[in-house]
Amino acid sequence: MVSRRTKAVAEFGIALLTALWMVSMRRLLRSSDDESHEPTPLSPGGLAVGGAWGAGQVWAYDRDSWKVRTNRRRGMAVSLLSIVVERRLLPRTESFRYSLGLGRVLGVVVYRAWYGLVRPLPGDD
């Protein structure tokens, strides 16, 4: 069985690679000569909501809030609820959605850098 810390480090690596890929695609689009491929402008609100959302998800998982880690059905229900909230309550603009995705990834990177690399994981094993 893989330890929680190993999973956290892997999650950090995947989130970091995803964030680097997203930023490099933005730079590539910005540097292209084709005017029709301008990158989506970033929304500060989307970045903030996404960052809090991404960090909040891994925070809840680490602390096993609402038994999302130990009870698979509850974890699935919380995941489905988060999808419904994202689709129904948050703005639907392209800028906000892109920024929300980037913010979520950055939130996971920051949280996992602190809890997983620098400090031990919170919660029981």
Hey, residue 31 open to solvent by 40 Å² or more (accessible area, probe 1.4 Å) and either in contact with a His (Cβ under 6 Å, 6 or more places away or on another chain) or among the small types (Gly, Ala, Ser) (or both) or not:
yes
So is residue 85 within 28 Å of residue 20 (Cα to Cα) and of a type outside the set (Ser, Thr, Tyr) or not?
yes
Determine which member of the set 109, 68 is open to solvent by less than 50 Å² (accessible area, probe 1.4 Å), β-branched (Val, Ile, Thr) and under 10 Å from the mean Cα position of the chain (by Cα).
109
Tell me yes or no: at least one residue of the stretch 77-90 is farther than 22 Å from residue 3 by Cα, basic (Lys, Arg) and out of contact with any strand residue (DSSP E or B) (no Cβ under 8 Å at 6 or more places or on another chain).
yes
Any idea which of (1) of a type outside the set (Asp, Glu); (2) open to solvent by 40 Å² or more (accessible area, probe 1.4 Å); (3) touching a Phe, Trp or Tyr at 6+ places or on another chain (Cβ under 6 Å) is the one residue 79 doesn't satisfy?
(3)
Being of a type outside the set (Val, Ile, Thr), under 13 Å from the mean Cα position of the chain (by Cα) and open to solvent by less than 70 Å² (accessible area, probe 1.4 Å) is true for just one of 47, 90. Which residue is that?
47
Would you list the helices (runs of 4 or more DSSP H) that sit entirely within the stretch 24-117 and hold 3 or more residues that are touching a residue at least 24 places away in the same chain (Cβ under 8 Å)?
44-63, 94-114
Can you confirm whether the stretch 2-15 contains a residue that is more than 18 Å from residue 98 (Cβ to Cβ), open to solvent by less than 90 Å² (accessible area, probe 1.4 Å) and hydroxyl-bearing (Ser, Thr, Tyr)?
yes
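The values are calculated or read from the model by the stated rules, or taken from the named source; none is laboratory data. This structure is a prediction, so every number in the text was calculated from the model and none was measured. Positions of Cβ are backbone-derived with ideal geometry, glycine not excepted, and every protein chain shown enters the neighbour counts. Accessible surface areas use protein heavy atoms only, side chains included; no ligands, DNA or RNA. Shrake-Rupley method; radii C 1.70, N 1.55, O 1.52, S 1.80 Å.
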